[in-house]
Amino acid sequence: MEKEKKKTGVSRLFEIAGQKKGLLVLSGVLSAASACCMLIPFLSVYQILKELLEHAGDLQLVDRAWMIRWGWIALAGVGSGLVLLYASLMSSHVAAFRILYGLRIRLAGHIGKLPLGYLNNTSTGAIKKTMEENIEKIETFIAHTIPDLVNVGTTVVVMFVLFFSLNGWMAAACLLAILIGMGSQVTMMMGSVRNDLLRQYFDIQEQLSASAVQYVRGMPVIKIFGQSVHSFRQFYKEIEGYKDCALKMCDLYSPGMIAFTVLLNLVVTFILPVGLLILSGDPANLAFAVVYLFFIILGPGVTSPVYKLTFMAQNLQTIDEGVNRIDRIFSEDPVPAPVIPCLPDGYDITFEGVSFAYENRQQATRTQALTDISFTAKAGEITALVGPSGSGKSTVANLIPRFWDISEGTIRIGGVDVKSIEEKRLMEMVSFVFQQSFLFF
């Protein structure tokens, strides 16, 4: 049977959000209803303008009660929209916090089952950033982006339905300006260069987080010796790297963002000539004059939800990269637990034909560290492993407590394969003094 392909991108985000589907559907319905209510004032403005222009020659004929009634309708629309929006956000936040709680518990439990070698080769800052910031970004998507997406989508659709029902040509002019602006944004956000830079940005953030943790821990030493941040070279290097990457991202995004902002702010410039051309054919057309004025006043209003839609798309990119890093941890295989745990009779350590290679899944590399190693370290005796740097001495020590699992051969303690010893019991049996103690570089 073919293995099911794992979801990525937006589909993966919605898969996570689907754990609380009922609450999010409720949030979406309330958000759409809120958007419709918030558009009622626009309809009220149109009706009031129409009444004023129809009696522009004699304002005494204006139906003031009619105008006041539409004013109250507009107020009721805004009030109802705010109440529905509050209810929508409450539903989405409840869903988000429940999902995040479960996700953090599952991730922490999974990390606790991973080989210690994985944790040894992964910085504390990277795991901390994943557990806190990357998971927290999912809360932004579930609690804010989903209801905002429904709200913005409903607003744009309803407004353009209204626009096209009033005048197709001016509505098309407004839509053209928005599409050109969004096209410049999409072009900016696409491409392998942007994806590579975004991954680099996340990598640097993880490295900076790791260095910051070590720097804070070493602060007493820095103060005692009167050193500055420059003496902590690795931390300073990460800060400079973060600055350079942030500037590159600004340079990459700025042209498209400038074009997008300018075009959206010039919506009226697209509407004006089209309206003047139509009006010049029939200057006495009062009904069109009302519609024309309505487009001039409210046409730019459609750009606000479009702005929100674009910023949401940009946020989705960073959220997606954070989810990829969470899934990367989940994809790591935990240490297999023995089906039938065994207890060793003694403490002799025996290697029989052991071979081992370090594999990097991300870089698709494989480095052979040990090949067909066999020896016995007797209990109560001192066994020294001697060899040049990189010959595999530390690797041999790491394999005994199953920091990594070997690919070939067998490692036994007291005649029992270490893979058959329960993890807790194995940790109680093995003491380890690490040779690397990081403070300064």
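The values are calculated or read from the model by the stated rules, or taken from the named source; none is laboratory data. Predicted model only: the values in this text are computed from it and were never measured. Backbone-built Cβ (ideal geometry, glycine too); neighbour counts: all protein chains shown.
Just one of the numbered conditions (1) part of a helix (DSSP H, G or I); (2) free of Cβ contacts under 8 Å to residues at least 24 places away in the same chain; (3) among the polar types (S, T, N, Q) is not true of residue 367: (1). Filtered by the rule that a residue be within 49 Å of the chain's Cα centre (by Cα) and polar (S, T, N, Q), segment 48-90 gives 80, 88.
Kindly indicate whether residue 24 is crowded, with 20+ Cβ neighbours inside 10 Å, modelled with pLDDT under 90 and closer than 21 Å to residue 145 by Cβ. It is true that residue 24 is crowded, with 20+ Cβ neighbours inside 10 Å, modelled with pLDDT under 90 and closer than 21 Å to residue 145 by Cβ.
When the residues of segment 61-116 are filtered to those that are out of contact with any helix residue (DSSP H, G or I) (no Cβ under 6 Å at 6 or more places or on another chain), farther than 19 Å from residue 27 by Cα and of a type in the set (Gly, Ala, Ser), the one that is modelled with the lowest pLDDT is 112.
Scanning segment 254-292 for residues that are surrounded by 17 or more Cβ atoms within 10 Å (Cβ to Cβ), within 26 Å of the chain's Cα centre (by Cα) and not aliphatic (A, V, I, L, M) turns up 256, 260. Looking across segment 236-276, the residues that are of a type in the set (Ser, Thr, Tyr) and under 30 Å from residue 293 (Cα atoms) come down to 261, 269. Go through segment 366-415 and give me each residue that's over 10 Å from residue 354 (Cβ atoms), charged (D, E, K, R) and touching a Ser or Thr at 6+ places or on another chain (Cβ under 8 Å). Scanning segment 366-415 gives a single hit, 412.
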